[in-house]
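Below: the structure, in structure tokens.
The values are calculated or read from the model by the stated rules, or taken from the named source; none is laboratory data. A quick note: this is a predicted structure, and the numbers were derived from the prediction, not measured. Every residue, glycine as well, gets a Cβ built from its backbone with ideal geometry; the counts of neighbours run over all protein chains shown. Note: accessible area is taken over every heavy atom of the protein model, side chains too, but ligands, DNA and RNA are not part of it. Shrake-Rupley method; radii C 1.70, N 1.55, O 1.52, S 1.80 Å.
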Amino acid sequence: MESEGTSRSEPTSRKRKQDRRLWTFAKEQALLAAMMECICDKYKAHNDFKPCYFNEVEKELKKRLPRTTLKAQPNIESKVKNWKDKYAVITDITRLSGFGWNHTTNSIVVDDENVWKEYEKSNSKAKGMNGKSFPMYESWQFLFGKLGKIRQ
């Protein structure tokens, strides 16, 4: 039986926090493939996805990972939000002077570590991204970059 890993966060208030899903690289790859399989004009909406898109992705993901317990809400939508946040940071950074993109390593390149530290101060979502590889970035460009060109 497949084990879906979760980690518990201690509640900081009266409300109990929901368990966080731990995504393996294999599950992320399957999700990405399912998203690419399901993307078409009827699921686009002003640079975002229509809500029904994630339900279709969930069905496609179940074909790829039959025993998965991943659901459109909250799992898939949460993971996609995380990916979109990373994509936005990378897109923003690579437009700035002193930063670039290494296509071989799929990572951000920075001319000076001090420049990176200053950027991190102004954008907390960038924390930990320097030197990290983002092998899915090209697919993210297709999925999140204006959702303009759809494969036939």
Worksheet entry | Accessible solvent surface per residue of the range 34-152, calculated while the other protein chains remain in place, 1.4 angstrom probe, Å² | 60 Å²
Discussion item. Just to be sure I follow the rule: in the range 71-152, considering lysines 8 or more places apart or on different chains, how many pairs have Cα atoms under 19 Å apart?
Written reply: 26
Worksheet, complete the sentence: For the range 42-152, the percent of accessible surface on carbon and sulfur atoms (probe 1.4 angstrom, ligands and nucleic acids excluded) is 48 percent
Worksheet entry | Protein-only accessible surface order, largest first, of Thr91, Thr104, Thr24 at 1.4 Å | Thr104, Thr24, Thr91
Worksheet item: So how do 51-59, 118-126 stack up, highest first, on mean other-Cβ count within 10 Å?
Response: 51-59, 118-126
Item to complete: Find the centroid of the Cα atoms in the range 53-101 and in the range 104-147, then give the distance between the two in whole Å.
Response: 15 Å
Worksheet item: Which is farthest toward the positive dipole end of the range 37-89 among Cys52, Tyr87, Pro74, measuring Cα position about the Cα centre, with Cβ charges +1 (Lys, Arg) and -1 (Asp, Glu)?
Response: Pro74
